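*Asks:* Have a look at the structure that comes next, please.
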């Protein structure tokens with residue numbers, strides 16, 4: 001029996017070895033999907049990369065869709081569940097936003113290649129997986145939106161269009177996957193912490209609204225600021241309060 005041939009699964013002592021092999025298969029599949037695309041990668045390619053036969057590979061995985069489903073679940077489903085949990089906590093909006101950005105940005109830094117792969121493979125996802133992926137993205141957007149809305153209503157965040165602000169914050173987090181350098185001077189945790197502080201500073205209501213106060217000789221700016229606040233006030237009055 002070769003080093004990567006399947007072993008009976010009954011022995012508890014051998015389960016860690018199976019998990020190790022499955023993790024290696026997952027890593028090789030992720031690399032090949034990134035290099036060749038999902039459609040351009042076969043199970044034989046993955047078996048060859050693992051140095052095992054295709055029948056042996058079937059012992060660990062049934063098909064490519066199973067590998068892709070695990071990848072999508074890791075990258076989108078898990079953050080969606082965490083986003084919902086954070087949004088429902090009984091704490092102030094800045095604390096929620098700080099923790100959520102720390103979570104999302106940290107994941108993008110640690111799993112940049114996997115996130116990029118999911119984004120590039122969206123058009124190739126099987127129908128059921130594509131539906132789940134889109135649903136997970138909506139859940140993340142909903143969580144960010146709820147937190148921003150909470151902060152605006154409490155006066156902790158500046159009155160800005162809530163959905164646009166939420167999308168901007170998500171985009172800021174996701175962009176980490178494209179610029180983060182694992183060999184750079186900052187760790188994923190350090191980057192995530194910095195992004196979290198930047199996110200809160202971006203939306204926080206400044207003391208006495210100092211940055212938003214127009215110059216005394218600029219009545220047009222004062223009128224624009226007043227109109228902006230009135231527009232937001234109208235949207236709050238006419239829109240039912242979201243229920244946590």
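The values are calculated or read from the model by the stated rules, or taken from the named source; none is laboratory data. Note that the structure is a prediction, hence the values are computed from the model and not measured. Cβ placement follows ideal geometry from the backbone for every residue including glycine, while neighbour counts extend to all protein chains displayed.
*Asks:* Take the residues in the range 185-215 that are outside any helix (DSSP H, G or I) and modelled with pLDDT of 90 or more; name whichever of them is surrounded by the fewest Cβ atoms within 10 Å (Cβ to Cβ).
*Replies:* 185
*Asks:* If residue 98 satisfies every condition in (1) touching a helix residue (DSSP H, G or I) at 6+ places or on another chain (Cβ under 6 Å); (2) at pLDDT 95 or above; (3) over 22 Å from residue 191 (Cα atoms) but one, which is the exception?
*Replies:* Status for residue 98: all satisfied but (3).
*Asks:* Picking from 90, 99, 84, 134, which residue would you name as being over 10 Å from the mean Cα position of the chain (by Cα), outside any helix (DSSP H, G or I), closer than 29 Å to residue 149 by Cα and outside the structural domain of residue 20 (by TED's automatic domain parsing)?
*Replies:* Result: 90 is the single residue among 90, 99, 84, 134 that is over 10 Å from the mean Cα position of the chain (by Cα), outside any helix (DSSP H, G or I), closer than 29 Å to residue 149 by Cα and outside the structural domain of residue 20 (by TED's automatic domain parsing).
*Asks:* Somewhere in the range 28-40, is a residue exposed (fewer than 11 other Cβ atoms within 10 Å of the Cβ), modelled with pLDDT of 85 or more and assigned to a helix (DSSP H, G or I)?
*Replies:* No, the range 28-40 contains no residue that is exposed (fewer than 11 other Cβ atoms within 10 Å of the Cβ), modelled with pLDDT of 85 or more and assigned to a helix (DSSP H, G or I).
*Asks:* Further question: Within the range 87-95, does at least one residue satisfy the condition of being at pLDDT 90 or above, touching a strand residue (DSSP E or B) at 6+ places or on another chain (Cβ under 7 Å) and under 30 Å from residue 201 (Cα atoms)?
*Replies:* Yes; the residues of the range 87-95 include at least one that is at pLDDT 90 or above, touching a strand residue (DSSP E or B) at 6+ places or on another chain (Cβ under 7 Å) and under 30 Å from residue 201 (Cα atoms).
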